[in-house]
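Step one of this worksheet: look at the structure below.
The values are calculated or read from the model by the stated rules, or taken from the named source; none is laboratory data. These figures come from a predicted structure and were not determined experimentally. Neighbour counts run over all protein chains shown; Cβ positions are idealised from the backbone, glycine included. Ligands, DNA and RNA are excluded from the accessible area calculation, which covers all protein heavy atoms including side chains. Shrake-Rupley method; radii C 1.70, N 1.55, O 1.52, S 1.80 Å.
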Amino acid sequence: MDIKVSVIIPCYNQGKFIEETIQSVLVSTYSDLEIIVVNDGSNDLFTNELLRTKSWPKTKIYNIPNNGVSHARNFGISQSAGKYILPLDSDDKIDKTYLEKAIRVFEKNDNALLVYCQVIFFGRKKGRMLLPKFSMELMLGQNVIFCSAVFKRNDFEKTKGYNSNMKWGLEDWDFWLSLLEIGGTGQVIQIDEPLFFYRIKAHSRNANISS
């Protein structure tokens with residue numbers, strides 16, 4: 001049977017968080033999935049030892065030289081088999097119903113291009129991230145879709161993938177714009193429920209983008 005969803009998890013020195021991330025996927029109410037972990041040249045001993053010795057159901061682990069999250073995502077997608085793709089950072093989590101609800105949207109809307117949801121912060125900051133309703137006008141001025149939206153593999157293959165030159169952030173915004181460009185009249189659909197958990201840490205790529 002063909003796998004419906006591939007969850008792509010790049011990991012760079014995030015061993016202390018990644019098990020929690022993987023477990024959030026494994027308890028999904030949607031079970032027709034695989035998890036692809038890409039160890040992006042981690043230099044942290046704990047992360048490397050964990051990924052070398054640990055195994056999880058439905059999970060494949062690949063080790064590549066460090067070249068940034070965009071390259072790791074592209075590599076992970078190239079090794080995956082799913083009809084749908086969910087990129088997931090190695091310190092974030094999803095609600096157990098996120099995949100089921102996202103795939104249901106795709107199956108009811110042939111024209112769906114991207115499906116995402118509302119967000120809850122956890123870690124050093126807690127609460128809701130109130131995302132506006134999607135519009136192309138808004139999207140051209142700022143990224144209003146977080147990095148873990150669901151999309152179709154065949155739409156991904158029409159793009160050049162994530163831009164590997166964008167190593168310091170905003171690569172997801174750049175990719176969404178590429179997807180929207182090739183998507184024509186494809187719909188961007190937001191599930192109005194908080195089904196994605198975004199970890200806030202003291203130091204992160206997004207927190208350091210301005211510097």
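Brief remarks follow.
- Just one of (1) surrounded by fewer than 19 Cβ atoms within 10 Å (Cβ to Cβ); (2) closer than 25 Å to LYS125 by Cβ; (3) without any contact (Cβ under 8 Å) to a residue 40 or more places away in the chain fails for ILE22. It is (1).
- In segment 5-24, the count of residues that are basic (Lys, Arg) and farther than 27 Å from TRP168 by Cα is zero.
- Residue under evaluation HIS71, criteria (1) more than 16 Å from PHE197 (Cα to Cα); (2) in a loop (DSSP other than H, G, I, E, B); (3) open to solvent by less than 70 Å² (accessible area, probe 1.4 Å), criterion not met: (2)
- Verdict on LYS152 being farther than 22 Å from ILE8 by Cα, out of contact with any Asp or Glu (no Cβ under 8 Å at 6 or more places or on another chain) and of a type in the set (Lys, Arg): no
- Look at (1) small (Gly, Ala, Ser); (2) within 21 Å of TYR12 (Cβ to Cβ); (3) in contact (Cβ under 8 Å) with a residue 40 or more places away in the chain; (4) surrounded by fewer than 20 Cβ atoms within 10 Å (Cβ to Cβ) and you find that SER55 fails only one, number (3).
- Hits in segment 25-51 - residues which are acidic (Asp, Glu), more than 12 Å from VAL7 (Cβ to Cβ) and open to solvent by 30 Å² or more (accessible area, probe 1.4 Å): ASP44, GLU49
- Residue within segment 8-15 that is farther than 20 Å from ASP192 by Cβ, open to solvent by 10 Å² or more (accessible area, probe 1.4 Å), of a type in the set (Phe, Trp, Tyr) and in a loop (DSSP other than H, G, I, E, B) present: yes
- Within segment 93-195, strands (runs of 3 or more DSSP E) holding 2 or more residues that are open to solvent by less than 20 Å² (accessible area, probe 1.4 Å) and not aromatic (Phe, Trp, Tyr): 112-123
- Tally, over segment 76-109, of residues that are under 15 Å from ASN154 (Cβ atoms) and touching a Pro at 6+ places or on another chain (Cβ under 9 Å): 1
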